[in-house]
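The structure under discussion appears below in the form of C-alpha cells.
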Amino acid sequence: MPKWTVFEFQRGLLYDQGRFVEELPPGRYKFWPWSGKTITLVDMRETSHTVEGQEILTQDKVGIRVTLIAQFKIVDAPTAMHKVENFASQLYQDLQLTLRESVTTKSLAELMENREPLADEIQQQVTSRVAEYGIELKRVGVKDIVLPGAVRSIFFAEMQADLQGKADLVAARHETAAARARANTAKMLQENPNLARLQELELLNNLATKSGNVVVIPGIERLFAPNGKDSSDSS
C-alpha cells in the first residue's frame, strides 16, 4: 500500500485519477494501489534564488554585469504547481527581465552610488507578477555589480581623487583652525603682558625640573625685594 508523509514544512497536493482534490496538512497518508490517488509534496520553506550576472548596457551605454539574490516562499501550493510549468524557473525569468529593463533606464553613476533603489524597484515590479502563481517575494538584493576593466580603473581613480580632495579639505580646515587659535593667543598676550610673563615662568619651571638644567634669571631678586629695591642696597 503506497504511503506518504507530509512533514511540517510541506503541504501535500492530493490527486485522484490526475484531478486535484485538496491540499493536505502535515501527517501520514496511505491509499490502496487501485484507488488512483497520489500525493505531490510541496516545500513551503523560504528559499533563495540567485540571478547570475548577465551583461547589460546602462543608459549611458556602459556594459556591466549585475547579480541578484531573491528570497521567496510558496504561499499557495496548488497555484504554484498548476499555474506555471516550473515556478522557480518562472521566477528566475521574471527577475532577469525586470533587472534588464531597470538597468537600461539608469546611468552607471546612479547604479554605483546606491544599489538599494535598483533592488527596491525590481522587488516592487516582480512582487505582483509572482503573486499570480502563488509566490511571495520576500526580498531582493543586488549582490554585486561588475564593471569592465577600463571603466573600473577610471572609476577607482575618480574615487581616489575624491577621497584625496576630502582629506585635503579636512587638513585645510584644521590648519585654518590652528592659525586662528595662534592669532587669538598672540592677541591675548599682547593685551595682557602678565599672561606672557606667566607663560615664560611656566616654561622656565619645566626646564628647571629636568635633571642637569641650571636656570639663571637675571634680576629675579628684585621681584622679591621690598618696594621693588635690591636687597643688597638696604642698610
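Counting every other Cβ atom within 10 Å of each residue's Cβ, 115, 173 order from fewest to most as 173, 115. Residues in the range 122-127 carry Karplus couplings, in order, of 5, 4, 4, 6, 7, 4 Hz; the curve used is 6.51 cos²θ - 1.76 cosθ + 1.60 with θ = phi - 60°, and Gly or Pro positions show x. When 81, 1 are sorted by how many other C-beta atoms sit within 10 angstrom of their C-beta, beginning with the fewest, the order is 1, 81. Neighbour counts of other Cβ atoms within 10 Å put 170, 103 in the fewest-to-most order 170, 103.
Readers should treat all values here as calculations from the given coordinates under stated rules, not as data from a laboratory. Since this is a predicted model, take the numbers as computed values, not measurements. Here Cβ is always computed from backbone atoms with ideal geometry, including for glycine, and neighbour counts include all displayed protein chains.
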